[in-house]
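For reference, the structure discussed in these notes is given below.
Every read-out reported here was derived from the displayed coordinates using simple, explicitly stated rules and does not represent laboratory data. Owing to the predicted nature of the structure, the values given are computational and were not obtained by experimental measurement. Cβ placement follows ideal geometry from the backbone for every residue including glycine, while neighbour counts extend to all protein chains displayed.
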Amino acid sequence: MLYYSKPLKTVLNVLTVLFCVIYLFPIYLILTNSFKSRAEMYENMVALPSSFSLQYYSSALEKMNFFTSLKNSLILTIVSIAIIVIFASMTAWMFVRSKNKLSVILFDLLVATMLIPFQTIMMPLMQEMNWIGNNLGIQMTDTIPGLLFMYLGFGAGMGVFLYHGFVSSIPVSLEEAATIDGCNTWKTFWRIVFPMLKPTTMTVIILDVIWIWNDYLLPSLTLKSTANRTIPISTAKFFGQYTISWNEAMAALVVTIIPVVIFYLACQKYIVEGVAAGAVKG
Amino acid sequence: MKIGKGWYALFTAPLMIVFMIVVVIPFIIGIGYSFFEWDGLAKHAATFVGFRNYGEVFKDQQFLNATVRTTIFTLITVVTVNLFGIIFALVVTTKLKVRNVARTMLFMPYLIGGLILGYIWKSVFQEFFLSIDWGNWLTDPVKSIVAMVVVTTWQLAGYVMIVYITGIMAIPADVLEAAQVDGASYMQTLFRVKFPMLMPSFTICLFLSLSNCFKIYDVNISLTGVGPNYQSEMFSLNIYNEIFSLSNFGYGQAKAIIFFLIIAIITLIQVSITKKREVAL
C-alpha cells in the first residue's frame, strides 16, 4: 500500500467528505427549501431554513394522494417480486435438471428477449391487453393484478437467467437423497433446493425492487385511474397538473425519496452485492 | 434424476405462458404493425404499406435530430459516467477512514428512479440557477442536453463504481505487492497494473452505460420534456410521442423496431467482446 503522512491523510479524508456533500447538493437543496416559506426560499436558496414549517408537506401529501400511492407501490413491488421469485426459481431449476431440447430452446428464448427494450413492445402489448379485456372479459389494463401479470412476464428473463446460473453450480446429490427418502418433486424443490438458492433470491429481489419501484413508463400506460396511481405516477401528475409551487414540489420529492433511503440504509450490504452480481451476470 | 412430464409442465408452464403473452406475442405483433399505417382506432382499418414506414424514417427530420442528439448525449455520458465511476471506485478502495461513508453517499442516487431524479435536478437547473442569475438551463437547446448529461452521470456513476470496486477487489494482493517491491510509483501501478487487470470491468461498464444512456426516457420527460421546437427530445420519447401523442401507430412501431435493432447490436457486440476476452484470460 501507499504510505500517506498523517496530515495528508486528514486532508484527503476531509476532501473526500466535502466532495460527497457537494455531490449530494440537490438533495440538500430540496430538503432545506421544503421547510422554507416562499419569500425565504427566493431570498437565498442555499441558506438553512430559519424555521421548520411543515405546511408544504401536508399540502403536498394531500395533492399527491401520497399514502394511496405508497400503498399501491408497496403492493405492486412486493407481490410482483414474490411471484417472480417463485416462478422463476421453479422454472430455472426444472430447466437445469431436465436436460431436454425444449428446456434449452425456452431458456435461450428467455435470455434473448432480455435484449428487447420496453419501448419496442409497449404499443402491441397495450393492444393485446385491451383485446383480452374486450374479448375474454379479463380486465388487464388499469388494474393492479393486470400489472402484476405483466411484471411477472417482464421479470421472467432475468430471474430465470440468474437462477439458472446458480442451480447449475449446486450438486444434484442432495436432491437425489431427498427423492430416495420419499420426497416428491414439489417437496424436494421447496424443502431442499429453494433454501439453497438464497443468495440468488436476494440478488433477484434487490434488482427487481430497484426496477419495479421506480418504473414509470409501464404503469403510466396501464394505470389510468387516480386510485391506482403508484409513487412515480403521482409525482409526474403532481408536476404536470399544478402550476408548480416549488416549496411544495420539493416537499413532495423529499417524501418520495424517504422510502428509498430507508430501504437503502436497512439493506445496504445486500443492495451493493445484488447490484454488482446483476451487472456482472446481466 | 428422473422427473416426470407432469412435474415439468407444472414447474415451467405458468411462467412460460405469462412470458409468451407479455413479451413474445407483443414482439411478434409489433413487427407486423410496423408494416401498416394505422391511427390506433379500432373502427379505422389498417392499411398495409410494406416497408414504407421504414423508408419514411430517413425523411423525418425531427426523428433524425433526436437520433443524432441521443447519440451525442450517449457518447459524452458514457465517458463522464465511467470516468467518475472509476475515480470513485479508486477512492473508496483506499484505506481512508471515510471510504464507507463515501461509498454510501455516492451510490445513493442510483436507487432513486430516473423520473424523481429529473424532478430533483429541475429544482437545481431551473429554480436555483434562476435565483443566482445563471438563467434557466432547461430551455436552452445546448444547456438542456448538458443538464441531462449531468443528471445521468449523477445517476449512473455510483452504479458503475460498484462494478469497478468488485474488479479492484479481485486484483490479487501479491501482484500489487510485486509492483511495489519493484519500485513502481502510484501512477505506474495504476496505469500498468490496475487498469489492465480491470479490462473486464471496463467492458461491462462501458456497455451497461451505453445501453442505459441510449434508452434514456424517464430523465428526459421529467427534466426537460420535449422542450421548445422539440430541442430536447430523445429517441425513446420520440417513439412514445409518435405512437401515443400523434397516433401514428404503424410508423411509430417501425421506429420502435429500429430502436430494438440498435440496442440488440450494441449488446451483441458486448457479448462477443466479453466472450473473446474470457477465452484470452
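Side notes on the structure shown:
- Couplings 3J(HN,Hα) for the range A:269-279, derived from phi with the Karplus relation 6.51 cos²θ - 1.76 cosθ + 1.60 (θ = phi - 60°), are 4, 5, 5, 5, 5, x, 5, 5, 4, x, 5 Hz, where x marks Gly and Pro.
- Straight Cα distances below 24 angstrom link A:Lys71 to the lysines A:Lys63, A:Lys224, A:Lys237, with same-chain residues fewer than 8 positions distant left out.
- Virtual paramagnetic centre 7 Å along Cα→Cβ of A:Gln241, amide N under 17 Å, in the range A:69-110: A:69-73
- Exposure proxy ranking for B:His44, A:His164, based on other Cβ atoms within 10 angstrom of each Cβ and starting from the fewest, stands as B:His44, A:His164.
- Taking Cα centre as origin and charging only the Cβ of basic (Lys, Arg, +1) and acidic (Asp, Glu, -1) residues, the dipole magnitude of the protein assembly as shown rounds to 1000 debye.
- Cut-off 13 Å (backbone N to label point 7 Å along Cα→Cβ of A:Asn130), residues of the range B:248-278: B:248-250
- If you plug the beta carbon distance of A:Ile22 and B:Ile31 into 1/(1 + (r/R0)^6) with R0 = 56 Å, you get a FRET efficiency near 0.70.
- Whole-Hz Karplus values for the range B:4-20 come out as x, 4, x, 4, 4, 5, 4, 7, 9, 4, x, 5, 5, 5, 4, 4, 4 Hz, taken residue by residue from phi with 6.51 cos²θ - 1.76 cosθ + 1.60 and θ = phi - 60°; glycine and proline positions read x.
- Taking amide H atoms as placed 1.01 Å from N in the peptide plane, the amide H of B:Phe36 lies under 5 Å from those of B:Val49, each 5 or more residues away in sequence or on another chain.
- Relative contact order %, chain B, counting alpha carbon pairs below 8 Å whose residues are six or more apart: 28
- Note that the range A:85-91 has calculated 3J(HN,Hα) couplings of 4, 4, 6, 5, 5, 4, 5 Hz, one per residue in order, obtained from phi through the Karplus relation 6.51 cos²θ - 1.76 cosθ + 1.60 (θ = phi - 60°); glycine and proline are x.
- Helical mean residue ellipticity (222 nm; -39500 (n - 2.57) per DSSP H run of 4+; nearest 500) of the protein assembly as shown: -22500 deg cm²/dmol
- FRET efficiency for the A:Ser173 to A:Leu109 pair, using the beta carbon distance and R₀ = 41 Å, is estimated at 0.85.
- For the set B:Lys143/B:Lys255; B:Lys215/B:Lys275; A:Lys6/B:Lys95; A:Lys101/B:Lys275, the pairs lying more than 20 angstrom apart at their alpha carbons are B:Lys143/B:Lys255; B:Lys215/B:Lys275; A:Lys101/B:Lys275.
- Distance from the range B:221-281 to the range A:29-95 (C-alpha centre basis), Å: 28
- Label point distance in nm, B:Thr71-B:Asn100, each placed 7 Å from Cα along Cα→Cβ: 4.7
- Simple Cβ-charge dipole of chain A, Lys/Arg +1 and Asp/Glu -1, about Cα centre, in debye nearest 20: 340
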